[in-house]
Each structure stands twice: as C-alpha cells, then as structure tokens.
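Just so it is clear, none of the values below were taken in a lab; they were calculated from the coordinates. In this text the structure is predicted, and so the values were computed from the model without any measurement. FYI the Cβ positions are ideal-geometry reconstructions off the backbone, even for glycines, and counts take in every protein chain you see.
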Amino acid sequence: GQNIDQPTEMTATEGAIVQINCTYQTSGFNGLFWYQQHAGEAPTFLSYNVLDGLEEKGRFSSFLSRSKGYSYLLLKELQMKDSASYLCAVRASDGNNRKLIWGLGTSLAVNP
Amino acid sequence: ETGVTQTPRHLVMGMTNKKSLKCEQHLGHNAMYWYKQSAKKPLELMFVYNFKEQTENNSVPSRFSPECPNSSHLFLHLHTLQPEDSALYLCASSQGTSSDTQYFGPGTRLTVL
C-alpha cells in the first residue's frame with residue numbers, strides 16, 4: 001500500500017531550529033513535496049525534491065534520501081509566524097497514473 | 001495570494017439544499033483539482049480535470065458533481081449532502097498533471113446540518 005508517516009505535533013522555541021521528518025512507502029517515486037498550511041488557509045508550496053540531497057531555500061531546507069524513503073524539512077531561525085501545519089506529499093505511480101499521496105501533516109507550535 | 005480563488009469561504013447548508021462551490025485560477029494552468037480535507041485525515045483527492053476533461057474521479061458519491069467549463073474555472077455542485085460531508089474543500093491547479101507543483105486556493109469551509 002501507499003503510506004506516509006510524519007509526527008502529529010511538534011513544539012519549538014522562537015529563534016531555534018526544528019526538523020520535521022517524513023517517511024514514505026509508495027509504489028514508484030516521482031518526487032516529494034512539502035507544503036505549509038496555516039489554520040483556515042490554503043496549503044502553500046515550500047519545496048520539491050526528486051533527487052537525493054539537500055535543497056536550501058532561505059530559512060527552509062528540505063532533504064531527500066530515496067533509498068531510505070525519508071525526507072526532512074529543516075526550519076531555521078524560527079519565527080512565530082512559522083506556527084502552522086507542514087504537509088509531506090509523495091508523487092507515486094498508480095498504474096499509468098501519477099498521483100500525490102499526502103501525509104496527515106505535522107502541527108508545529110513556535111513558542112516565544 | 002496563490003493565484004487560486006475560491007468562493008464562498010464559508011457555507012452552511014441543510015441536507016436538502018443545493019449549493020455550488022466555485023474556484024478560479026489566474027495562473028494559466030491546464031489542470032484543476034478538488035480535494036476534501038477533514039480533521040485527522042490526509043487530503044483526499046476527489047476530482048481531476050485536465051484541459052477541461054475529467055481525468056480522475058476517486059469514487060466520489062454522486063451527491064458531489066463537478067463542472068469545468070474552461071481551464072480557469074471549476075465548480076463543485078452539492079446536493080442532498082450528509083453531515084459527514086462537512087469539511088474544508090480545497091481547489092488546486094497545476095500546469096499539467098504528471099509532475100507539476102499544485103497551487104491551492106484558500107478553501108471553502110462547509111458545514112452540513
């Protein structure tokens with residue numbers, strides 16, 4: 001089956017660094033996405049990894065290891081506005097179709 | 001602003017009502033999606049349209065009826081819904097359907113009484 005696991009909740013302190021992990025077991029792999037979703041708002045695209053390694057984009061970085069079925073999102077210099085849900089999604093193969101498999105999301109609370 | 005708008009933002013309806021959700025994208029994309037987001041569940045893909053043609057229907061009950069008159073507009077017509085249909089309904093668009101990033105609208109928070 002298709003499965004994505006990520007922690008349900010995390011707490012961190014303003015100014016600190018936090019790492020949100022995502023492990024996946026899917027049929028086929030065609031890329032992994034991270035989205036940020038504030039309460040009551042649209043999920044917004046953060047990053048896309050299709051090759052192994054680290055992709056850095058400002059305060060946010062995303063890492064992928066395809067052999068381990070593992071990714072993480074690293075948030076540096078945390079700000080209060082980073083309190084949100086972080087969604088991991090994998091583009092998997094379903095026959096001739098490619099579809100996104102979504103995790104449940106990790107709710108991050110940044111405290112002062 | 002992601003370039004995808006949805007109306008209404010909030011909707012309360014009875015089980016016998018008929019209502020429609022509207023989505024519009026200003027990104028020049030060719031693919032549009034409807035998702036359902038419920039508490040403690042992953043995003044559930046409902047329908048996919050590519051160049052106005054429906055390419056996926058993930059076993060969605062017939063009380064949900066999508067319509068895509070052109071690549072920029074997507075509707076979800078609702079009738080005789082059940083209380084368990086209460087959820088956040090998200091619209092998304094992408095350039096194509098194979099490997100492109102999806103951009104989401106803010107969603108419609110639907111409550112069925």
Filter on B:Lys19/B:Lys40; B:Lys18/B:Lys41; A:Lys99/B:Lys40; A:Lys68/B:Lys40 - keep pairs with C-alpha separation over 23 Å: B:Lys19/B:Lys40; B:Lys18/B:Lys41; A:Lys68/B:Lys40
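What is the Å³ per residue value for the convex hull set by the Cα atoms of the stretch A:1-77? Write down the numbers at each step before the final one.
Details: hull volume 8.5 nm³, N = 77.
Measuring per residue, one finds 111 Å³ for the Cα hull of the stretch A:1-77.
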For the protein assembly as shown, Cys with no neighbouring Cys Cβ under 4.7 Å: B:Cys68
The stretch A:44-112, relative contact order in percent, only Cα pairs under 8 angstrom and at least six apart counted: 22 percent
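Exposure proxy check: A:Val18, A:Val90 ranked by fewest other beta carbons within 10 Å?
Numbers: A:Val18 19, A:Val90 24.
In order of increasing Cβ crowding within 10 Å: A:Val18, A:Val90.
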Per 10 Å bin, what percent of the C-alpha pairs of chain B does each bin hold, from zero upward? 15, 51, 29, 4
Anchor B:Lys52: aspartates and glutamates whose Cα lies under 20 Å away (excluding residues fewer than 8 positions away in-chain): B:Glu24, B:Glu67, B:Asp100
Choose one of A:Gln36, A:Leu108, A:Val90: the residue whose Cα lies farthest towards the positive end of the charge dipole of the stretch A:4-112 (beta-carbon charges +1 Lys, Arg; -1 Asp, Glu; about the Cα centre). A:Val90
Would you mind ranking B:Ser20, B:Ser59, A:Ser27 by Cβ crowding within 10 Å, fewest neighbours first? B:Ser59, A:Ser27, B:Ser20
What size of dipole, in debye to the nearest 20, comes out for chain B about its Cα centre when the only charges are +1 on Lys and Arg C-beta atoms and -1 on Asp and Glu C-beta atoms? 380 debye
In nanometres, what is the gap between the two model label sites at B:Val12 and A:Gln79, each 7 Å from Cα along Cα-to-Cβ? 3.6 nm
Proximal aspartates and glutamates relative to A:Lys76, as straight alpha-carbon distance under 14 Å, when same-chain residues fewer than 8 apart are discounted: A:Glu14, A:Glu55, A:Glu56
Given R₀ = 22 Å, FRET efficiency for A:Glu9-A:Ala39 by Cβ-Cβ distance, to 0.05? 0.95
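Quick one: A:Thr8, B:Thr80, A:Thr106, fewest Cβ neighbours within 10 Å first, how do they rank?
Exposure proxy ranking, most exposed first: A:Thr8, B:Thr80, A:Thr106.
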Over chain B, what relative contact order in percent results from Cα pairs under 8 Å that are six or more residues apart? 37 percent
Any chance you could tell me what percent of the C-alpha pair distances in the protein assembly as shown go past 33 Å? 16 percent
Report the net charge of residues surrounding A:Tyr24, where surrounding means a beta-carbon distance below 13 angstrom and charges are Lys +1, Arg +1, Asp -1, Glu -1. +2
Integer Hz, Karplus 6.51/-1.76/1.60 couplings in order for the stretch B:64-69, x for Gly and Pro: 10, 10, x, 8, 10, x
Cα-centred dipole magnitude for the protein assembly as shown, charges only on beta-carbon of K, R (+1) and D, E (-1), debye, nearest 20: 340 debye
